[in-house]
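The values are calculated or read from the model by the stated rules, or taken from the named source; none is laboratory data. Note that the coordinates shown come from a computational prediction; the quantities given were computed from them, not determined experimentally. Reconstructed Cβ throughout: ideal geometry from the backbone, glycine too, with neighbour counts over all protein chains shown. These accessible areas exclude ligands, DNA and RNA; they are computed on the full protein's heavy atoms, side chains included. Shrake-Rupley method; radii C 1.70, N 1.55, O 1.52, S 1.80 Å.
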Amino acid sequence: MRLILTLIFLALISVVMVATVVEMPPFGNADNPTNNEVPQKYINDAVEDTGALNVISSIIIDYRAFDTLGEATVLFVAIAAALSCLKAHS
């Protein structure tokens, strides 16, 4: 019974993943959600808005600071958990 439930669950996940890929917009299409006004604003206004001379640094540190902090927190917690697991078994 457990094997059947596992296979059904994996089949469901596979269907969802295939449906997601099928519904993706074509690569390079001008109407894609990634081709909106935000990247152009970052490129044009990064120096004036943030004072940083590097556009990438201004995006990471100023525009997306909370995302970067969250990603760093997740990495730190994952490393701490791995080290505590390794320390507990040694």
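A count restricted to region 1-46 and to residues that are among the basic types (Lys, Arg), more than 23 Å from Arg64 (Cβ to Cβ) and either touching a residue at least 60 places away in the same chain (Cβ under 8 Å) or surrounded by 10 or more Cβ atoms within 10 Å (Cβ to Cβ) (or both) stands at 0.
Mind listing whichever residues of region 48-90 are under 26 Å from Ala30 (Cα atoms), outside any loop (DSSP other than H, G, I, E, B) and out of contact with any Asp or Glu (no Cβ under 9 Å at 6 or more places or on another chain)? Once the filter is applied, which keeps residues that are under 26 Å from Ala30 (Cα atoms), outside any loop (DSSP other than H, G, I, E, B) and out of contact with any Asp or Glu (no Cβ under 9 Å at 6 or more places or on another chain), region 48-90 yields Val55, Ile56, Ile59.
Is it the case that region 14-36 has a residue that's in contact with a helix residue (DSSP H, G or I) (Cβ under 8 Å, 6 or more places away or on another chain) and part of a helix (DSSP H, G or I)? No, that holds for no residue. Scanning region 75-90 for residues that are open to solvent by 100 Å² or more (accessible area, probe 1.4 Å) and among the β-branched types (Val, Ile, Thr) turns up just one, Ile79.
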